[in-house]
1. Restricting attention to the stretch 57-84, report how many residues are touching a residue at least 40 places away in the same chain (Cβ under 8 Å) and either in contact with a Phe, Trp or Tyr (Cβ under 9 Å, 6 or more places away or on another chain) or closer than 23 Å to ASN13 by Cα (or both).
2. Which numbered condition in (1) in a loop (DSSP other than H, G, I, E, B); (2) modelled with pLDDT under 95; (3) under 13 Å from the mean Cα position of the chain (by Cα) is the only one that ALA24 fails?
3. Pairs, please: C-beta under 8 Å, at least 6 apart or cross-chain, first residue under 9 Å from VAL79 (Cβ atoms) and in the stretch 20-39, second of a type in the set (Lys, Arg)?
4. Can you tell me which residues in the stretch 39-58 are under 19 Å from ASP99 (Cβ atoms) and either β-branched (Val, Ile, Thr) or in contact with a Leu (Cβ under 6 Å, 6 or more places away or on another chain) (or both)?
5. For GLY65, are the conditions met, namely being touching a strand residue (DSSP E or B) at 6+ places or on another chain (Cβ under 9 Å) and assigned to a strand (DSSP E or B)?
6. Just give me the residues in the stretch 32-54 being crowded, with 20+ Cβ neighbours inside 10 Å and either among the hydroxyl-bearing types (Ser, Thr, Tyr) or in a loop (DSSP other than H, G, I, E, B) (or both), in sequence order.
7. Before we move on, is LEU80 loosely packed, with under 14 Cβ neighbours inside 10 Å and within 23 Å of TYR111 (Cβ to Cβ)?
8. Sort out which residues of the stretch 70-111 are part of a loop (DSSP other than H, G, I, E, B), more than 15 Å from the chain's Cα centre (by Cα) and either of a type in the set (D, E, K, R) or within 21 Å of THR21 (Cβ to Cβ) (or both), and write them in order of number.
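The values are calculated or read from the model by the stated rules, or taken from the named source; none is laboratory data. Just so you know, these numbers come straight off a predicted model, no measurement behind them. All Cβ positions, even for glycine, are placed from backbone atoms using ideal geometry, and neighbour counts span all protein chains on display.
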Amino acid sequence: MLDLFEGKNVILNTPTGSGKTLVASALHFASLAHGRRSVYTSPIKALVNEKWMALCRELGPENVGLSTGDATVNRDAPVLCCTAEVLANISLRDGDRADVDDVVMDEFHWYA
């Protein structure tokens, strides 16, 4: 977690139950506290919806948005939960002007 707080890029590949969710939550909290925008992304819509509900409970629904292609809620929130396809479209459309500071990519092995 310290590397994240120092602004370093981190790849975390550990077994289930080892604390990845805690690290991701800490990143979203730190981003929110510092006025940065964070994005949680996954290739699986069900995981995106699940994380959106969890982050709404943790950070407040006014701070968390959802965009899956099927549903969009509070899309301009400081924390966005979206599918990888939505994040790719944001990146392709806006390039280096994209309003994205920090990204958590869940289920990264699906992209290989």
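1. Of the residues in the stretch 57-84, the ones touching a residue at least 40 places away in the same chain (Cβ under 8 Å) are 78-84.
Restricting the remaining residues to those that are either in contact with a Phe, Trp or Tyr (Cβ under 9 Å, 6 or more places away or on another chain) or closer than 23 Å to ASN13 by Cα (or both) gives 79-84.
Total meeting the criteria: 6.
2. Unmet for ALA24, out of (1) in a loop (DSSP other than H, G, I, E, B); (2) modelled with pLDDT under 95; (3) under 13 Å from the mean Cα position of the chain (by Cα): (1).
3. Short answer, once both residue conditions are applied: SER31/ARG37.
4. Matches in the stretch 39-58: VAL39, THR41, VAL48, TRP52.
5. Numbers: touching a strand residue (DSSP E or B) at 6+ places or on another chain (Cβ under 9 Å): yes; assigned to a strand (DSSP E or B): yes.
Here the answer is yes, as GLY65 does meet what is asked.
6. If the condition is that a residue be crowded, with 20+ Cβ neighbours inside 10 Å and either among the hydroxyl-bearing types (Ser, Thr, Tyr) or in a loop (DSSP other than H, G, I, E, B) (or both), then SER38, TYR40, THR41, SER42 are the ones that fit.
7. Details: loosely packed, with under 14 Cβ neighbours inside 10 Å: no; within 23 Å of TYR111 (Cβ to Cβ): yes.
Considered against the rule, which asks whether it is loosely packed, with under 14 Cβ neighbours inside 10 Å and within 23 Å of TYR111 (Cβ to Cβ), LEU80 comes out as no.
8. We begin by selecting, within the stretch 70-111, every residue part of a loop (DSSP other than H, G, I, E, B); these are 70-71, 74-78, 98-101, 106-107.
In the following step, the residues that additionally are more than 15 Å from the chain's Cα centre (by Cα) were identified as 70-71.
Scanning the stretch 70-111 gives a single hit, ASP70.
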